[in-house]
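The values are calculated or read from the model by the stated rules, or taken from the named source; none is laboratory data. Note that the structure is a prediction, hence the values are computed from the model and not measured. As a convention, Cβ positions derive from the backbone with ideal geometry for all residues, glycine included, and neighbour counts pool all protein chains shown.
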């Protein structure tokens with residue numbers, strides 16, 4: 001899978017709260033096309049929060065597929081994610097999709113990729129997209145060395161990422177479970 005240069009999505013599990021945050025920038029090559037896109041959305045009766053990095057059309061395809069799996073498996077995120085990853089890796093059309101997803105519920109925080117990965121972070125911080133490493137580093141430091149709430153950590157981490165990554169802006173959307 002090629003490197004996704006398009007956004008920053010961050011998930012944090014901290015002090016009993018779970019949040020997913022995303023920036024709003026949409027880039028087409030070196031051009032910023034939109035400043036306030038919403039790349040974070042809720043699925044399955046608002047019990048699952050997802051965020052995507054990569055091609056928008058591909059992400060919406062994956063949202064639909066994940067929603068179908070969640071319906072089939074009664075909202076079981078882990079089972080749904082594993083089944084989606086299997087399909088994503090083996091289906092001729094799905095395996096060409098260029099996107100990554102983060103999906104969280106009250107119990108799990110998962111990163112899904114087209115390589116068949118379903119990764120749950122040990123420390124409760126996951127990030128994807130071009131600004132992901134910056135946001136993840138900032139969030140990890142803030143989780144360990146501050147008394148901030150999960151939402152405040154997510155906002156600060158994305159602001160830091162937006163000051164470093166040209167594919168990330170500070171138009172931030174945060175969803176909380």
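Annotations
- Residue list for the stretch 128-155, restricted to those being farther than 18 Å from residue 104 by Cα, in a loop (DSSP other than H, G, I, E, B) and in contact (Cβ under 8 Å) with a residue 12 or more places away in the chain: 130, 131
- Test: residue in the stretch 80-92 that is modelled with pLDDT under 85, surrounded by fewer than 21 Cβ atoms within 10 Å (Cβ to Cβ) and either in contact with a helix residue (DSSP H, G or I) (Cβ under 8 Å, 6 or more places away or on another chain) or under 24 Å from residue 7 (Cβ atoms) (or both): yes
- Qualifying residue in the stretch 111-121 (condition: at pLDDT below 95, touching a strand residue (DSSP E or B) at 6+ places or on another chain (Cβ under 7 Å) and either buried (at least 23 other Cβ atoms within 10 Å of the Cβ) or more than 17 Å from residue 77 (Cβ to Cβ) (or both)): yes
- Filter pass, residue 138 being in contact with a strand residue (DSSP E or B) (Cβ under 6 Å, 6 or more places away or on another chain) and surrounded by 21 or more Cβ atoms within 10 Å (Cβ to Cβ): no
Let's see how each residue does on (1) free of Cβ contacts under 8 Å to residues at least 12 places away in the same chain; (2) assigned to a loop (DSSP other than H, G, I, E, B):
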site	(1), (2)
114	no, yes
119	yes, no
126	no, no
162	no, no
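- Filtering the stretch 98-110 to residues that are surrounded by 15 or more Cβ atoms within 10 Å (Cβ to Cβ) and in contact with a helix residue (DSSP H, G or I) (Cβ under 9 Å, 6 or more places away or on another chain) leaves 98, 99, 100, 101, 103, 104, 105, 108, 110.
- Members of the stretch 52-84 that are in contact with a strand residue (DSSP E or B) (Cβ under 9 Å, 6 or more places away or on another chain) and outside any helix (DSSP H, G or I): 52, 53, 54, 55, 75
- Taken over the stretch 16-51, the residue count meeting the criterion of being outside any strand (DSSP E or B) and either surrounded by 13 or more Cβ atoms within 10 Å (Cβ to Cβ) or touching a strand residue (DSSP E or B) at 6+ places or on another chain (Cβ under 7 Å) (or both) is 8.
- Yes/no for residue 131 being surrounded by fewer than 22 Cβ atoms within 10 Å (Cβ to Cβ) and touching a helix residue (DSSP H, G or I) at 6+ places or on another chain (Cβ under 6 Å): no
- For the stretch 158-177, filtered to residues that are more than 11 Å from residue 23 (Cα to Cα), in contact with a strand residue (DSSP E or B) (Cβ under 6 Å, 6 or more places away or on another chain) and at pLDDT 95 or above, the residue that is surrounded by the fewest Cβ atoms within 10 Å (Cβ to Cβ) is 176.
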